[in-house]
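A short worksheet on the structure shown next.
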Amino acid sequence: MKITRGACAALVALAVVLHPAAALADTGDGRTDTKNVQSAEDVRIEQQYQAWLRRGGSKTGTAFRPTAVDVPYKYFYTPSHRQETNYYCGPATVQILADYWGECPSQDEIANRLGTTTSGTDFSLVDDVLRYYTKRPYTYVTCASYSDVYERVCYGLLVRGNPAAIDVRIDASDWPNYLYDHAGHIVPLEAFDWRTYIVRLNDPYDERYFRGGGDTYGHKTYLRSVVAGGIMLHPRHAIVY
């Protein structure tokens, strides 16, 4: 990553101070009535995923391995950036992933490209903006079930080699760290480990800062069933990887 990381972090910290905390309940995912516009590249990537599933998916090459240590896992460690307003989870997520790949655009610049408003960000645009900043073929996919979430997390991180973005609905009774429910939240997914059934997120939302809530900000580990549940409870059922 570029040596501008420290300067970028300082700018983000300053922006958090300059943006007062607002009273809205949700963290910033926006319209769910729009559909992703699928490109020929998106179709090709989906075909590759389906072919991978037919070959065994996350179990590929593990059928004769006797121990859990060979179960798939992958770790990325993305830089943390706190979202600068309570509705900037989309811009902050893109900033985190772009910074991982070597660019650090401002959240305001990203918000402009995403069309983010006080109602939040349209998640169907996140892959387009990530492709612009990272020059990597990020794609938007819809999950059919919990098991499909698990397979796509494995495929995106382990096979495609990308830390991902997800759109979740948070039920605080299921999510450790959160004290409030959130109808929609866009957040980076940076690691998984099926030996212990966990997923690690790099959450840009600081519930304690914005609402006096829980310790949600930064690198947090959750059971994969909790994360999959959040994705499947959300109307989009979507991952960008």
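Of the residues in the stretch 37-57, not one is of a type in the set (Asp, Glu), modelled with pLDDT under 95 and within 26 Å of residue 200 (Cβ to Cβ). Determine whether the stretch 110-122 contains at least one residue that is within 14 Å of the chain's Cα centre (by Cα) and in contact (Cβ under 8 Å) with a residue 60 or more places away in the chain. Scanning the stretch 110-122, I find at least one residue that is within 14 Å of the chain's Cα centre (by Cα) and in contact (Cβ under 8 Å) with a residue 60 or more places away in the chain, so the answer is yes. Restricting 167, 174 to residues that are in contact (Cβ under 8 Å) with a residue 12 or more places away in the chain, farther than 20 Å from residue 105 by Cβ and in contact with an Asp or Glu (Cβ under 8 Å, 6 or more places away or on another chain) narrows the list to 167. Each residue in the stretch 34-57 was checked for being under 20 Å from the mean Cα position of the chain (by Cα) and either not β-branched (Val, Ile, Thr) or not in a helix (DSSP H, G or I) (or both), and 8 pass. For the stretch 123-138, check the following and say yes or no: at least one residue is farther than 15 Å from residue 240 by Cα and out of contact with any strand residue (DSSP E or B) (no Cβ under 7 Å at 6 or more places or on another chain). Checked against the condition, which is being farther than 15 Å from residue 240 by Cα and out of contact with any strand residue (DSSP E or B) (no Cβ under 7 Å at 6 or more places or on another chain), the stretch 123-138 yields no hits at all. Of all residues in the stretch 174-193, those satisfying the criterion of being closer than 17 Å to residue 211 by Cα and not in a strand (DSSP E or B) are 175, 176, 177, 178, 179, 180, 181.
Here the stretch 127-151 is the region considered, the condition is being touching a Phe, Trp or Tyr at 6+ places or on another chain (Cβ under 7 Å) and part of a helix (DSSP H, G or I), and the residue that is surrounded by the fewest Cβ atoms within 10 Å (Cβ to Cβ) is 131. Exactly one residue out of 96, 170, 110, 166 is touching a Leu at 6+ places or on another chain (Cβ under 6 Å) and of a type in the set (A, V, I, L, M): that is 166.
Inspect all residues belonging to the stretch 216-223 and state whether any of them is buried (at least 16 other Cβ atoms within 10 Å of the Cβ), hydrophobic (A, V, I, L, M, F, W, C) and either on the phi < 0 side of the Ramachandran plot or at pLDDT below 95 (or both). No, the stretch 216-223 has no match at all. In the set 165, 111, only one residue is assigned to a helix (DSSP H, G or I), within 18 Å of residue 92 (Cα to Cα) and modelled with pLDDT of 95 or more; that residue is 111.
The values are calculated or read from the model by the stated rules, or taken from the named source; none is laboratory data. No experiment lies behind these values; they were computed from the predicted model shown. Ideal geometry is used to build each Cβ from the backbone, glycine not excepted, and the neighbour counts take in all protein chains shown.
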